[in-house]
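Report on the structure given below.
The values are calculated or read from the model by the stated rules, or taken from the named source; none is laboratory data. Here the structure is a predicted model, which means the values were calculated and not measured. Here the Cβ positions follow ideal geometry from the backbone for every residue, glycine too, while neighbour counts run over all protein chains shown.
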Amino acid sequence: MNLEDAANIGEILGGLAILATLIFGLRQIAELNKSKEREAARDIANLLSSPMYQKAISILINKLSDDFSLEDLDQLDREHKDALNFLAINTNSIGIMTFERQLSFHTVTRFFQPLFMIMGVRFRRLTEVLEENAVKQGVYKNEKDAALDWAVWLIDRIDEQPPIEKPAYELHRNWKP
């Protein structure tokens, strides 16, 4: 083997090393993305199971009607109002993060579609009443200001999805771990 052959073999081995490093890097990026999605789903699950979010859902379903007003909201105690604000603001944040593709729309839909089927009309009304209150309080500088528009955007996008066909226990009855 002469020097030129050895140099060619060295170049081939160097190219293979670069290719292997590139493949490994792409695999690591894919794993990182999966990990981030799992973490985001866990964060959504934690939010939905938080006592404040649960309380707000209960208030929205059990204490308010489909057409409640700002006056009805004023009748609630401070703790109930805080819970409803928590619900609206956090759902708005999820809308923003979904739009920015920080959260998977598929995952968000799986969590929120059943909830919006139950409380969608009242949640939309909640965003309207909270916006009405912001206008009344002079919080907005102009008419087009809106703080909860991403929550409405999220409901609209989820409402566009096909309805849930069957309960998960029927739909995925044959799933094996």
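Among the residues of the range 1-41, just one is of a type in the set (Asp, Glu) and in contact with a helix residue (DSSP H, G or I) (Cβ under 9 Å, 6 or more places away or on another chain), namely GLU37. Residues of the range 97-112 that are buried (at least 16 other Cβ atoms within 10 Å of the Cβ) and hydrophobic (A, V, I, L, M, F, W, C): MET97, LEU103, VAL108, PHE111, PHE112. For ALA83, the conditions (1) closer than 21 Å to ALA134 by Cα; (2) exposed (fewer than 14 other Cβ atoms within 10 Å of the Cβ) all hold with the exception of (2).
May I ask you to verify whether ARG101 is of a type in the set (Lys, Arg) and within 20 Å of the chain's Cα centre (by Cα)? It is true that ARG101 is of a type in the set (Lys, Arg) and within 20 Å of the chain's Cα centre (by Cα). Residues that are in a helix (DSSP H, G or I), under 26 Å from ALA168 (Cα atoms), free of Cβ contacts under 8 Å to residues at least 24 places away in the same chain and not hydrophobic (A, V, I, L, M, F, W, C) occur in the range 47-57; there is at least one.
Quick check on the range 62-73. Is at least one of its residues among the polar types (S, T, N, Q), surrounded by 12 or more Cβ atoms within 10 Å (Cβ to Cβ) and on the phi < 0 side of the Ramachandran plot?
Yes, some residue in the range 62-73 is among the polar types (S, T, N, Q), surrounded by 12 or more Cβ atoms within 10 Å (Cβ to Cβ) and on the phi < 0 side of the Ramachandran plot.
Can we say ILE61 is at pLDDT 90 or above, of a type in the set (A, V, I, L, M, F, W, C) and assigned by TED's automatic domain parsing to the domain that holds GLU165? Considered against the rule, which asks whether it is at pLDDT 90 or above, of a type in the set (A, V, I, L, M, F, W, C) and assigned by TED's automatic domain parsing to the domain that holds GLU165, ILE61 comes out as yes. Within the range 60-114, the set of residues being part of a loop (DSSP other than H, G, I, E, B), among the hydroxyl-bearing types (Ser, Thr, Tyr) and within 22 Å of ILE164 (Cα to Cα) comprises SER104 only. Residues that are within 18 Å of ALA88 (Cα to Cα) and in the same structural domain as ARG110 (by TED's automatic domain parsing): does the range 158-167 have at least one? Checked against the condition, which is being within 18 Å of ALA88 (Cα to Cα) and in the same structural domain as ARG110 (by TED's automatic domain parsing), the range 158-167 yields at least one hit.
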